[in-house]
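Trainee: Quick one: the structure is below, questions incoming.
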Amino acid sequence: MAWGGVWAECAQAWRELCAKHPGLEQRRCSVDRRWDKLHYLLSEERRHGRFDADDWGTHAILGASRLANHLTGGQGIHLRYSPPAVVRAIAEHLRSITEGELRRVWEPSRMEELAVYKFRADRTDEQEWDWVVEDFQGLQTFYGRVASLGEGVLVKRD
């Protein structure tokens, strides 16, 4: 593939962004297939069956607003964005949450009932819980770092 035209422009724009925001290429967070488990734990709306609500927990996992219709990830899921003010609010909420608070809303049978992504209550064990907590802590760190830099967050979910 020849790197010219729009591809060259995109590469140049990326270089400029990285120069303006040192370490940008390292600022990413993946919660992989545990995204909906975290969504359930962080969003009371999700725990009531409302998937695409307008609450901070949903914004933390799915992003605050959908970008243009043609901007999608690999499986056609729309890209979403949270601006710096929303990122700061999310970081503040995440900072105050303890593992104990998450554990209190960890309800495997209810999570399965609400069709949490790739979740089966009969296959849930302490190791799965530990992974969810690890991803939560990664999310706390990520949002804290991005908020401290005054940046927004682009969410791509596949």
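The values are calculated or read from the model by the stated rules, or taken from the named source; none is laboratory data. In this text the structure is predicted, and so the values were computed from the model without any measurement. Ideal geometry is used to build each Cβ from the backbone, glycine not excepted, and the neighbour counts take in all protein chains shown. What goes into the accessible areas is simple: the full protein's heavy atoms, side chains included, and nothing from ligands, DNA or RNA. Shrake-Rupley method; radii C 1.70, N 1.55, O 1.52, S 1.80 Å.
Trainee: Which residue is farthest from the chain's Cα centre (by Cα), if the candidates are limited to region 1-42 and must be open to solvent by less than 100 Å² (accessible area, probe 1.4 Å) and on the phi > 0 side of the Ramachandran plot?
Mentor: Gly5
Trainee: Quick one: which of Asp32, Asp55 is under 23 Å from Gly144 (Cα atoms) and in contact with a helix residue (DSSP H, G or I) (Cβ under 7 Å, 6 or more places away or on another chain)?
Mentor: Details: Asp32 fails: in contact with a helix residue (DSSP H, G or I) (Cβ under 7 Å, 6 or more places away or on another chain).
The conditions single out Asp55.
Trainee: Take region 91-108 and flag every residue that is open to solvent by 90 Å² or more (accessible area, probe 1.4 Å) and in contact with a helix residue (DSSP H, G or I) (Cβ under 6 Å, 6 or more places away or on another chain).
Mentor: Glu99 - this is the single residue of region 91-108 that is open to solvent by 90 Å² or more (accessible area, probe 1.4 Å) and in contact with a helix residue (DSSP H, G or I) (Cβ under 6 Å, 6 or more places away or on another chain).
Trainee: Considering only residues that are of a type in the set (A, V, I, L, M, F, W, C) and not in a loop (DSSP other than H, G, I, E, B), which ones fall in region 106-145?
Mentor: Step one: of region 106-145, the residues of a type in the set (A, V, I, L, M, F, W, C) are 106, 111, 114-116, 119, 121, 129, 131-133, 136, 139, 142.
Across region 106-145, the qualifying residues are Met111, Ala121, Trp129, Trp131, Val132, Val133, Phe136, Leu139, Phe142.
Trainee: Given the criterion in contact with a strand residue (DSSP E or B) (Cβ under 8 Å, 6 or more places away or on another chain), in the same structural domain as Asp135 (by the TED database) and either closer than 23 Å to His93 by Cα or modelled with pLDDT under 95 (or both), identify the matching residue among His39, His59, His48. Spell out the reasoning first.
Mentor: Values: His39 fails: in contact with a strand residue (DSSP E or B) (Cβ under 8 Å, 6 or more places away or on another chain); His48 fails: in contact with a strand residue (DSSP E or B) (Cβ under 8 Å, 6 or more places away or on another chain).
Matching residue, one of His39, His59, His48: His59.
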